[in-house]
Amino acid sequence: MHPPLIQTPLTVTDQMNRRVVVPYPPQRIVSLVPSQTELLFDLGLGERVVGVTKFCIHPQEARQQAQVIGGTKNFHFDKIAALKPDLIIGNKEENYQEGIEQLAAEYPVWMSDIFTLGDSLRMMRQVGLITGTQARAERLASEIANSLLALPSAAEPLTAAYFIWRKPYMAAAAGTFIDDMLPRAGFRNVFGALGRYPEISAEQLAAAAPQVILLSSEPYPFQDKHVAEFQAICPSAQVLVVDGELFSWYGSRLRHTAAYFQQLQSEVA
């Protein structure tokens with residue numbers, strides 16, 4: 001028989017400045033965010049992840065071995081209750097306030113709030129701290145930081161528009177993680193003066209005249225068939241479908257981002 005697990009209360013402040021008391025080390029974790037689910041598995045915590053969302057597609061086994069508790073903005077509270085979690089990890093933007101408040105009344109809920117690469121690296125280190133995987137989290141955060149810092153900075157960044165939605169067209173603008181990543185990929189956001197995810201008309205796009213138009217593979221599944229639609233609005237622009245996960249997932253998937261950005265630079269050069 002295994003000796004009984006002794007958990008000690010650990011009080012931490014999450015990225016929304018909420019004080020959270022977490023049983024340490026947590027043994028039954030529910031993740032409400034795809035990029036943070038992948039991080040937990042990469043920290044070696046897969047066996048402790050008991051609940052994930054239907055959008056948690058990485059790693060492939062996440063939805064097979066853990067209970068799917070709904071989407072990121074509609075939780076099945078009965079399924080979460082049955083899992084008896086001792087830690088729930090969410091994100092301010094990706095989850096919904098009402099649902100998070102309902103969960104936080106019952107369980108320890110740790111929230112991330114991410115706008116920049118620095119925020120994401122702090123999130124990784126803090127998740128490492130509260131789950132007892134500090135050394136592994138530190139190695140991962142350092143690897144990601146070093147790989148992105150090593151990217152050559154473009155002397156003259158290409159002007160770009162990054163689209164996340166169609167009908168209506170919506171772009172990533174200031175105050176988004178994508179906007180923080182675009183300069184690292186060698187681009188200057190033509191809609192960087194706007195806030196968050198503005199709707200953009202065809203006329204606005206034509207007037208902005210970006211050198212490059214990036215169509216994200218998520219959340220709207222842009223495909224090659226959509227390229228001509230944007231090419232008609234900006235005939236001189238280079239229009240590319242890009243991997244949205246490598247621009248917007250702020251967990252351990254960032255390990256692959258620097259290599260992808262270099263590849264993308266060679267495509268637009």
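The values are calculated or read from the model by the stated rules, or taken from the named source; none is laboratory data. Just so you know, these numbers come straight off a predicted model, no measurement behind them. Note that we place each Cβ from the backbone using ideal geometry, even for glycine, and neighbour counts take in every protein chain shown. These accessible areas exclude ligands, DNA and RNA; they are computed on the full protein's heavy atoms, side chains included. Shrake-Rupley method; radii C 1.70, N 1.55, O 1.52, S 1.80 Å.
Which residues' amide hydrogens lie under 5 Å from the amide hydrogen of VAL239, considering only partners 5 or more residues apart or on another chain, with H built in the peptide plane?
Amide H neighbours of VAL239: ILE213.
By the gyration tensor of its Cα atoms, with a ≥ b ≥ c the square roots of the eigenvalues, what is the shape of the range 69-205: rounded for a/c under 1.5, prolate for a/b over b/c, or oblate? Spell out each step's value before the answer.
On the way: a/c = 3.48, a/b = 1.39, b/c = 2.51.
Cα axes put the range 69-205 in the oblate bin.
Give me the percent of DSSP beta bridges within the chain that run antiparallel, rounded to the nearest 5. Provide the component values of the computation, followed by the final result.
Details: 10 of 34 bridges.
Around 30 percent of the beta bridges assigned by DSSP in the chain are antiparallel ones.
Given H placed on each backbone N at 1.01 Å, which residues far from THR159 in sequence or on other chains put an amide H within less than 5 Å of it?
Residues meeting the amide H criterion: ARG188, GLN211, VAL212.
Go through the range 20-29 residue by residue and turn each phi into a ³J(HN,Hα) via Karplus (6.51, -1.76, 1.60, θ = phi - 60°); whole Hz please, and just put x for glycine and proline.
For the range 20-29, the Karplus curve yields 10, 9, 10, x, 10, x, x, 10, 10, 9 Hz.
Quick one: what are the phi-derived ³J(HN,Hα) couplings along the range 161-171, Karplus 6.51/-1.76/1.60 with θ = phi - 60°, whole Hz, x for glycine and proline?
10, 10, 9, 10, 8, 10, 6, x, 5, 10, 10
So if I average 1/r over every pair of distinct C-alpha atoms in the range 59-126 and take the inverse, what Kirkwood radius in Å does that give?
13.2 Å
Given N residues in the chain, what is Rg(Cα) / (2.2 N^0.38 Å)?
Cα Rg divided by the expected 2.2 N^0.38 Å: 1.08.
So how much slack lies between ARG166 and VAL227, counting 0.36 nm per residue of separation and subtracting their Cα-Cα distance, in nm?
The ARG166-VAL227 span can extend by a further 20.8 nm.
How do the peptides 75-83, 125-133 rank, highest first, by the average count of neighbouring beta carbon atoms within 10 Å per residue?
Per-residue Cβ counts within 10 Å, averaged per peptide and sorted highest first, yield 125-133, 75-83.
Label-point separation (nm) for ALA202 and GLU101, each offset 7 Å from Cα along Cα-to-Cβ?
4.2 nm
So if R0 is 35 Å, what FRET efficiency would ALA209 and ASN74 give, r being the distance between their Cβ atoms, rounded to the nearest 0.05? Walk me through the intermediate numbers first.
Values: r = 40 Å, r/R0 = 1.14.
Step by step, r from the Cβ atoms, then E = 0.30.
Quick one: plug the Kirkwood hydrodynamic radius of the range 145-258 (C-alpha pairs) into Stokes-Einstein at 37 °C, 0.692 mPa s, and report D in µm²/s.
231 µm²/s
Just order 118-124, 164-170 by mean Cβ neighbour count inside 10 Å, highest at the front, would you?
Sorting 118-124, 164-170 by mean packing, highest first, produces 118-124, 164-170.
May I ask you to evaluate 6.51 cos²θ - 1.76 cosθ + 1.60, the Karplus curve with θ = phi - 60°, for each residue of the range 120-131 and list the ³J(HN,Hα) values in order in whole Hz, giving x for glycine and proline?
5, 5, 5, 4, 4, 5, 6, 5, x, 4, 7, 10
Mind listing the long-range amide H neighbours of ARG28? Cut-off is under 5 Å, sequence gap 5 or more, other chains count too, H placed in the peptide plane at 1.01 Å from N.
Under 5 Å from the amide H of ARG28 lie the amide H atoms of ASP86, LEU87, each far enough along the sequence or on another chain.
Helix-only estimate, please: 222 nm mean residue ellipticity of the chain, summing -39500 (n - 2.57) across DSSP H runs of length 4 or more and dividing by its residues, to the nearest 500.
Theoretical 222 nm ellipticity from helices: -10000 deg cm²/dmol.
Of all DSSP beta bridges in the range 1-149, what percent run antiparallel (nearest 5)?
If we restrict to bridges inside the range 1-149, about 40 percent are antiparallel.
At a 1.4 Å probe radius, carbon and sulfur cover how many percent of the accessible area of the range 56-211?
52 percent
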